[in-house]
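To keep things clear, I will list the structure first and then write my remarks on it.
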Amino acid sequence: MPLTWPAPRRGILTDRAIKRAHRTGELTITPFEPALVRPAAISLRLGHEAFALESTGTVDIADRSTYPELRPKELDAEGRLRVEPGEVVLAPTLEKIGLSEKLAGLVDGTSDYARLGISVVLCGQVSPGFGSETGAVLTLEIVNHLRHPVLLHPGTRICNLMLFASTGSEQPYGTMPNNYSSDHNVAPSRLADHVGRN
């Protein structure tokens, strides 16, 4: 009889598999709140700092000196984050994430926020190996599409992380140059490191 190998695990992780991946260390989430595990994702919460992207002229992606400034946004007296109409805000997740080289993720906003005219995630891919050494925050790109300000509440659920099993990555994300795999705070774009001058 020919040798047969177990079929490689593939596809999206459901709630049982997410909890199992956390128990085995394939997935690290700090802090981990079991109540945030959903049928096919785990919810993540908004962190307690935020930065507005403020540009002063044309942005050349190859020239870091033209990049928008990250201006810290203070919370109001009630601890809320005010997002102005059309404003782009970068904010970290409350949780730090770590994926093994056999997991990949996709971050997406929730229907609750979309129904209020709020985009939460503009770039959602989380590569295998992201944050595998020390865990890293995910930076959310929040945009208010309404005509009036929106008040967000740090510490509350804001997005979902879907996880996908794979056969493993030859080059985990954390080994790639100029990555965001060890960020514990919001970091500016590193695109100039790839395409142009510093």
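All of the numbers you see were taken from the coordinates with simple rules; none came from a lab. Worth saying up front: this structure is predicted, and the values here are computed from it rather than measured. With ideal geometry, Cβ positions are generated from the backbone for all residues, glycine too; neighbour counts draw on all protein chains shown.
Taking label points 7 Å from Cα along the Cα-to-Cβ direction, Glu54 and Glu133 give a separation of 3.3 nm.
With 10 Å bins beginning at zero, the pair-distance distribution over Cα atoms of the stretch 64-116 amounts to 14, 36, 34, 15, 1 %.
Given an 8 Å cut-off on Cα distances and at least 6 residues of separation, report the relative contact order of the chain as a percent.
Details: 452 pairs, mean separation 55.6, N = 198.
Normalised by residue count, the contact order of the chain is 28 percent.
How high is the FRET efficiency between Ala62 and Glu170 when r is their beta carbon distance and R₀ equals 25 Å, given to the nearest 0.05? In this case the efficiency is close to 0.30. Here log10 I(q)/I(0) by the Debye sum over Cα atoms at q = 0.08, 0.11, 0.13 Å⁻¹ was computed from the coordinates, and among [x] -0.24, -0.45, -0.64; [y] -0.38, -0.57, -0.73; [z] -0.30, -0.55, -0.75 the match is [z]. If you fit an axis through the alpha-carbon atoms of helix 15-24 and take the longest principal axis of the Cα set of the chain, what angle between them do you get, 0 to 90°, nearest 10? Its long axis makes an angle of about 80 degrees.
Where does each of 162-168, 11-17, 71-77 land if you order them by average Cβ count within 10 Å, highest first? The partial results should precede the final answer.
Details: 162-168: 16.1, 11-17: 14.4, 71-77: 11.3.
Per-residue Cβ counts within 10 Å, averaged per peptide and sorted highest first, yield 162-168, 11-17, 71-77.
Applying a DSSP loop filter and a limit of 16 other Cβ atoms within 10 Å to the trypsin sites (Lys or Arg not before Pro) in the stretch 86-132 leaves Arg115.
When the chain is described by a simple charge dipole with +1 on each Lys and Arg Cβ and -1 on each Asp and Glu Cβ, the residue from Ser65, Val83, Ala17 located farthest towards its positive end is Ala17. The string of couplings for the stretch 44-51 from the Karplus curve (6.51, -1.76, 1.60, θ = phi - 60°) is 10, 10, 6, x, 9, 10, 7, 9 Hz, one whole number per residue in order, with x for Gly and Pro. In whole angstrom, the stretch 69-166 maps to an equivalent ellipsoid with semi-axes of 27, 15, 11, each derived as √(5λ) from the alpha carbon gyration tensor and ordered largest first.
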